[in-house]
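Quick notes on the structure that follows.
The values are calculated or read from the model by the stated rules, or taken from the named source; none is laboratory data. Computed from a predicted structure; not experimentally measured. When we count neighbours, we look across all protein chains shown, and the Cβ atoms used for this are built from the backbone with ideal geometry, even at glycine. Just so you know, the surface numbers come from the protein's heavy atoms only, side chains and all, with ligands and any DNA or RNA stripped out. Shrake-Rupley method; radii C 1.70, N 1.55, O 1.52, S 1.80 Å.
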Amino acid sequence: MDEEGVQPVFNCHLGNVRPGEIRRIGEDLILLPAGPGSYTMKVRVLANELDTPQVIERVLEVRGESRHLSFDELQELLDDDQDGREAISEDEDG
């Protein structure tokens, strides 16, 4: 995923899940791409009931302008963006 070949890893444990039961993770997974390009997200599901791990792979295409912000600039952008969508939609509109 990054230039040095180091692959980020996110592990979550759902504990015991019974058939028909739905469990949700209490954490968000956030992707912060280094810039525009294709990124591959791989999910591997391990369970005692599965003979082999289930692997799900998705390619995420990131497009648009890349800007480097200082922490203060990022904080200002987040403070100005009340609902988390305003700045993104403005950039898309042009």
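Numbers for the structure displayed
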read-out: Residue list for segment 68-94, restricted to those being surrounded by 10 or more Cβ atoms within 10 Å (Cβ to Cβ) and either at pLDDT 65 or above or of a type in the set (A, V, I, L, M) (or both); value: LEU69, GLU73, LEU74, GLN75, GLU76, LEU77, LEU78, ASP81, ALA87, ILE88
read-out: Condition met for SER38 (free of Cβ contacts under 8 Å to residues at least 12 places away in the same chain and hydroxyl-bearing (Ser, Thr, Tyr)); value: no
read-out: Among residues of segment 13-32, those that are acidic (Asp, Glu) and surrounded by 10 or more Cβ atoms within 10 Å (Cβ to Cβ), counted; value: 0
read-out: Conditions (1) open to solvent by 70 Å² or more (accessible area, probe 1.4 Å); (2) in a loop (DSSP other than H, G, I, E, B): number failed by LEU50; value: (1)
read-out: Search result, residues across segment 2-54 that are touching a strand residue (DSSP E or B) at 6+ places or on another chain (Cβ under 7 Å), β-branched (Val, Ile, Thr) and more than 30 Å from SER66 (Cα to Cα); value: VAL45
